[in-house]
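The values are calculated or read from the model by the stated rules, or taken from the named source; none is laboratory data. Keep in mind the model is a prediction, meaning the values are calculated, not measured. Backbone-built Cβ (ideal geometry, glycine too); neighbour counts: all protein chains shown. Quick note on the areas: whole protein, heavy atoms, side chains included, nothing else; ligands and nucleic acids left out. Shrake-Rupley method; radii C 1.70, N 1.55, O 1.52, S 1.80 Å.
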Amino acid sequence: MSTPFHPARWSRRELLGGLSALYFTPGLFAEELYRTPRQTEGPFYPDHLPLDQDNDLIVVKDSTTPAVGCITHVTGRILTASGQPVRNAVVEIWQCDAGGAYLHTGSKRHADFDKNFQGFGRFETGSTGEYRFRTIRPVAYDNRTPHIHFAIDQGGKRMLTTQLYTKGEPLNAVDGVLKKVTDPKDRAALIHEYKPVPDSKIGELAVSFDIVIGMTPEDIKGDRFRGERQSG
Ligand SMILES: [Fe+2]
């Protein structure tokens, strides 16, 4: 190809050659993955983080008494929009206990919080971008449909705050936060099915939730909860 990079002056053969080279460039025309929609952080991100912050929310430290609730395995991958696994992403989850109480001291039923439930967990991804938690199936509280809160940090910056909803929950239709999610693709990205773990003797469930994040820290404008906490 003697002609400098002026496609206009390329021969038909050069042009086709050039285009096919572009076409076969890995990832160039790869379909972007659908970004996981942001959801409010809400007011119950723990104001006092638990001593035990691992990815097993069923057992607090070395207690032998498990949390009350249906044991559930929450797994997934943290991905970029081009499908690349995100390494060293810190995934945090928090949710209410089986009675609807959060670890946060402002939670209405905090006094009854299940001491055997960790309420909050953290996991740092490796080269595959995978994360995993053992927790309880989320339950409804007040007028909220069952959900698990997620925060994804990278390099100390919050990349995404979102929530995982449960497929088939009747409250999904009237939930004050979820009903603002009107785009079917957004809803499909946030609402997932909890399936029985095959051969589980204790009725465990499993749910898979891949999270697609953008390249820049999230914009927290408009989320008064996040803003408040940011401003301490
Ligand atoms: Fe919540």
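Observations on the structure shown:
- Restricting attention to segment 173-182, the residues being within 13 Å of the ligand (Cβ to nearest atom) and either among the basic types (Lys, Arg) or open to solvent by 10 Å² or more (accessible area, probe 1.4 Å) (or both) number 2.
- Residue 71 meets all of the listed conditions (1) of a type outside the set (Gly, Ala, Ser); (2) more than 16 Å from the ligand (Cβ to nearest atom); (3) open to solvent by less than 10 Å² (accessible area, probe 1.4 Å) but one, namely (3).
- For segment 146-157, the condition holds for no residue, the condition being that it is under 23 Å from residue 201 (Cα atoms), in contact (Cβ under 8 Å) with a residue 12 or more places away in the chain and away from the ligand (no atom under 16 Å from the Cβ).
- Selected residue (only one of 132, 109 is of a type in the set (Lys, Arg), closer than 22 Å to residue 175 by Cβ and surrounded by fewer than 20 Cβ atoms within 10 Å (Cβ to Cβ)): 109
- The set of residues in segment 182-205 being of a type in the set (Asp, Glu) and assigned to a loop (DSSP other than H, G, I, E, B) consists of 183, 193, 199, 204.
- Positions within segment 19-54 being open to solvent by less than 70 Å² (accessible area, probe 1.4 Å), farther than 21 Å from residue 214 by Cβ, of a type outside the set (A, V, I, L, M, F, W, C) and at pLDDT below 70, in sequence order: 20, 25
- Matching residues, segment 163-172, being within 12 Å of the ligand (Cβ to nearest atom) and either surrounded by fewer than 19 Cβ atoms within 10 Å (Cβ to Cβ) or of a type in the set (S, T, N, Q) (or both): 163
- Here residue 148 does not qualify as at pLDDT 95 or above, touching a Lys or Arg at 6+ places or on another chain (Cβ under 8 Å) and either open to solvent by less than 70 Å² (accessible area, probe 1.4 Å) or not hydrophobic (A, V, I, L, M, F, W, C) (or both).
- Residue in segment 183-199 that is most open to solvent (accessible area, probe 1.4 Å), counting only those that are without any contact (Cβ under 8 Å) to a residue 24 or more places away in the chain and over 11 Å from residue 37 (Cβ atoms): 199
- Enumeration of residues in segment 111-134 that are in contact (Cβ under 8 Å) with a residue 12 or more places away in the chain and farther than 30 Å from residue 82 by Cα: 112, 113, 114, 115, 116, 117, 118, 119
- Of everything listed in (1) surrounded by 15 or more Cβ atoms within 10 Å (Cβ to Cβ); (2) within 16 Å of the ligand (Cβ to nearest atom), the single unmet condition for residue 99 is (1).
- Search result, residues across segment 100-114 that are hydrophobic (A, V, I, L, M, F, W, C), out of contact with any Lys or Arg (no Cβ under 8 Å at 6 or more places or on another chain) and within 19 Å of residue 137 (Cα to Cα): 103, 113
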